[in-house]
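Scroll down for the structure; my scribbles are underneath it.
The values are calculated or read from the model by the stated rules, or taken from the named source; none is laboratory data. Remember, predicted model here, so these are calculated numbers, not experimental data. Glycine gets a Cβ as well: all are built from the backbone with ideal geometry, and neighbour counts include every protein chain shown.
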Amino acid sequence: MQKTQVTQEEAWLQLQTYCKEKERCQAQAVAQLLDLNITETVIKQIITDLKQQDLLNEDRFACAYVRDKMKSKKWGRQRLIKELTFLKIPVNSIKKAFSEIDNTEYIATLKAILIQKTALYRLKNDAFETRKKAAIYALKKGYEQSLIWVVINELE
């Protein structure tokens with residue numbers, strides 16, 4: 001089934017609405033335009049217009065993404081870097097977003113995760129196995145291995 005092509009004006013209006021709903025990155029906007037079956041030259045023009053009107057801003061997107069994922073999903077820096085890189089966010093934007101992370105809050109979140117998981121695993125395993133499983137869980141969440149073990153050792 002072939003997609004019907006929308007006009008440049010219709011695409012512009014749809015993308016305007018799409019970018020106003022919440023922060024978006026360029027990769028998301030391009031994907032949305034490709035779904036509308038828009039040509040490359042029109043895509044470039046619309047992206048340029050969105051940036052000029054400040055509806056598309058990679059720095060702002062990276063900061064919002066980091067704040068949101070840290071609060072809602074409790075992701076660590078490594079996972080955030082991986083996800084932002086996948087979305088083709090520039091390194092400078094990622095660095096700027098990470099500079100806004102409160103390190104005390106970051107460590108407190110990691111502590112809460114480790115306390116929760118060690119309490120859960122303690123019922124079934126010995127102390128070493130409990131710490132190991134909690135550390136693996138935190139690694140999967142994207143926290144740095146060295147920081148995980150520092151926090152685990154502090155908790156004992």
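Is it the case, given these coordinates, that residue 74 is in contact (Cβ under 8 Å) with a residue 60 or more places away in the chain, outside the structural domain of residue 112 (by TED's automatic domain parsing), part of a loop (DSSP other than H, G, I, E, B) and not polar (S, T, N, Q)?
Taking the combined requirement at face value, the residue satisfies it.
Just one of (1) part of a helix (DSSP H, G or I); (2) in contact with a Phe, Trp or Tyr (Cβ under 6 Å, 6 or more places away or on another chain); (3) not hydroxyl-bearing (Ser, Thr, Tyr) trips up residue 23, so point out which.
Checking residue 23 against (1) part of a helix (DSSP H, G or I); (2) in contact with a Phe, Trp or Tyr (Cβ under 6 Å, 6 or more places away or on another chain); (3) not hydroxyl-bearing (Ser, Thr, Tyr), the one that fails is (1).
Residues checked against (1) hydroxyl-bearing (Ser, Thr, Tyr); (2) in a helix (DSSP H, G or I):
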| position | (1), (2) |
| --- | --- |
| 82 | no, yes |
| 92 | no, yes |
| 97 | no, yes |
| 101 | no, no |
| 107 | no, yes |
| 118 | yes, yes |
| 130 | yes, yes |
| 134 | no, yes |
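Would you check if residue 66 is farther than 18 Å from residue 22 by Cβ and among the β-branched types (Val, Ile, Thr)?
Details: farther than 18 Å from residue 22 by Cβ: no; among the β-branched types (Val, Ile, Thr): yes.
In short, no.
Looking at (1) loosely packed, with under 15 Cβ neighbours inside 10 Å; (2) at pLDDT 90 or above, which one does residue 129 not meet, given that it meets all the others?
Unmet for residue 129, out of (1) loosely packed, with under 15 Cβ neighbours inside 10 Å; (2) at pLDDT 90 or above: (2).
Among (1) buried (at least 17 other Cβ atoms within 10 Å of the Cβ); (2) of a type in the set (A, V, I, L, M, F, W, C); (3) outside any helix (DSSP H, G or I), which single condition is residue 50 missing?
(3)
Sort out which residues of the range 29-46 are closer than 25 Å to residue 84 by Cβ and surrounded by fewer than 17 Cβ atoms within 10 Å (Cβ to Cβ), and write them in order of number.
Residues satisfying the conditions are 31, 34, 35, 40, 44.
Exactly one of these conditions fails for residue 8: (1) modelled with pLDDT under 95; (2) closer than 22 Å to residue 86 by Cα; (3) surrounded by fewer than 18 Cβ atoms within 10 Å (Cβ to Cβ); (4) touching a helix residue (DSSP H, G or I) at 6+ places or on another chain (Cβ under 6 Å). Give me its number.
(2)
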